[in-house]
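This report refers to the structure that appears directly beneath it.
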Amino acid sequence: MEEYLYPHFYSIENTHWWFAARQKILWNYMEAKLRFPARAKLLDVGCGTGAILDMFSRKYETYGQDVSPQAVAFCRQRGLTNLYCGTLDSFPASSGRFDIVTMLDVLEHIEDDLAVLRQVHALLDEGGRLVITVPAFPALWGAHDVVTHHKRRYLRRTL
């Protein structure tokens, strides 16, 4: 993603209707469908500036990973800890395995998405769950996909 977008996203993530609604939908989904106990270990892969990670930290023991030092710095400004700046292939093994891994609009940024999904699988505890959101429908490809460095959009069968 273009670095100039991080301060903008950080400033609007909790107030803009799109981000606020998305957070509410994700929270409700996690509560209704996953039903993990409080303090379950959650890793947010590609945590960005941390608004969703911050929301999850109300219930879960949270960890965040992002490749952008600027994004991780914004997470720290939110008071978040357990942050890792780098790629998953060098994620510290000392963090252990996770009950939940989220990849929320992340997979489309990665050239070899299957390799990263294998890395995520290795981070999941037995019985753990992966929650993924991606942009859909290649026919909707547009300027936002370009500026945010998407590699693809998905269909149900391609995901």
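The values are calculated or read from the model by the stated rules, or taken from the named source; none is laboratory data. Being a predicted model, the structure only gives us computed values, none of them experimental. All Cβ positions, even for glycine, are placed from backbone atoms using ideal geometry, and neighbour counts span all protein chains on display. These accessible areas exclude ligands, DNA and RNA; they are computed on the full protein's heavy atoms, side chains included. Shrake-Rupley method; radii C 1.70, N 1.55, O 1.52, S 1.80 Å.
Can you tell me how much longer the chain between residue 137 and residue 39 gets when fully stretched, taken as 0.36 nm per residue apart minus their C-alpha distance, in nm with one decimal?
Working: separation 98, 0.36 × 98 = 35.28 nm, distance 3.54 nm.
So the extension gain works out to 31.7 nm.
In terms of Cα atoms, the Rg and Dmax of region 1-46 work out to 13.5, 37 Å. P(r) tail for the chain: Cα pairs beyond 26 Å make up 23% of the total. Each of residue 118 and residue 87 was given a label point 7 Å from its Cα along the Cα-to-Cβ line. The distance between the two points is 1.4 nm. Taking the Kirkwood radius as Rh and the Cα radius of gyration as Rg, region 30-105 has a ratio of Rg/Rh equal to 0.94. Straightening the chain between residue 27 and residue 126 buys 33.4 nm, computed as 0.36 nm per residue apart minus the Cα-Cα spacing. Give me the tail of P(r) for region 70-113 as a percent: Cα-Cα pairs with distance above 15 Å. Roughly 60 percent, rounded to a whole number. The rule of thumb for compact globular proteins, 2.2 N^0.38 Å, goes into the C-alpha radius of gyration of region 93-133 1.15 times.
Our helix-only sum for the chain, with -39,500 (n - 2.57) per DSSP H run of n ≥ 4 divided by its residues, gives a mean residue ellipticity at 222 nm of -9000 deg cm²/dmol. Rg and Dmax of region 91-159, based on Cα coordinates, read 13.6, 42 Å.
When the accessible area of the chain is split by element with a 1.4 Å probe, what percent falls to carbon and sulfur? Before the final figure, lay out the partial values.
Working: 4900 of 8800 Å².
Carbon plus sulfur share of accessible area: 56 percent.
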